[in-house]
Amino acid sequence: MIVGGATRALRGETWCGDAWACRDLGADVLVGLVDGLGHGRDAALAAEAALAVLAQAVERAPERLLMRIDGTIRTTRGVAAAVAGIDPVGRQLAVASVGNVRVALFGERRVHVDAMPGIVGAGIRLPRPIVLDWADRDLLVLWTDGVDARLDLDRAMLRLKHEPEALARRLLDDFATGTDDAGVVCVLLEGAPP
């Protein structure tokens, strides 16, 4: 499995409220993308606080991790967030998303994961995770609302899927709206031997 991401602050800002992280828990891998509400310093601080919770996570279930983040970052302005828990041996992933962070699995079929409305940090109900099977070389993409909701991968972009960080930068170049901070995370899914 190869993970790469890219973020970009709104033009004229020094702080970026979009941030991502990846955490290897041994049997599973957690990937999270957060979008601090608004932009600027306070958005960046909210995103940083959310990712600090992910960095210390013992929960493997994305929905439980989002609940822990929600309870921990109440003093911030809050975030939209998506967390994917990836099982490389079982070739399954569970995704939970709150707010306007989008998630899609690109492979033999294309699956978009709907987010639950809300703001993580303002009190959310337990998100319902979506569990998906995946095949080797499928691509999981997470993106914030600073990137066009109609993000799509053409053949030229799919050639970059073996370089997720380069693909994330390309998607920002091609699909960032320019009206907000922007973030993209790409995960090339490859299974581990049982």
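Relative contact order for segment 2-188: 27 percent, from Cα pairs under 8 Å spaced at least 6 residues apart, divided by residue count. Along segment 47-60 the Karplus relation, 6.51 cos²θ - 1.76 cosθ + 1.60 evaluated at θ = phi - 60°, assigns HN-Hα couplings of 5, 4, 5, 5, 6, 5, 5, 4, 5, 9, 4, 10, 5, 9 Hz to successive residues, with x for each Gly and Pro. Centroid-to-centroid, using Cα positions, segment 52-104 and segment 124-194 are 16 Å apart.
Once the mean of 1/r is taken over each pair of separate Cα atoms and inverted, segment 90-153 shows a Kirkwood hydrodynamic radius of 12.8 Å. Dividing the summed -39500 (n - 2.57) terms of all DSSP H runs of n ≥ 4 by the residue count of the chain sets its mean residue ellipticity at 222 nm at -6500 deg cm²/dmol. Hydrodynamic radius of segment 2-188 by the Kirkwood approach over all distinct alpha-carbon pairs: 16.0 Å.
Values in this text are rule-based calculations from the coordinates and carry no lab data. Computed from a prediction, not measured in an experiment: that's the story for all the values here.
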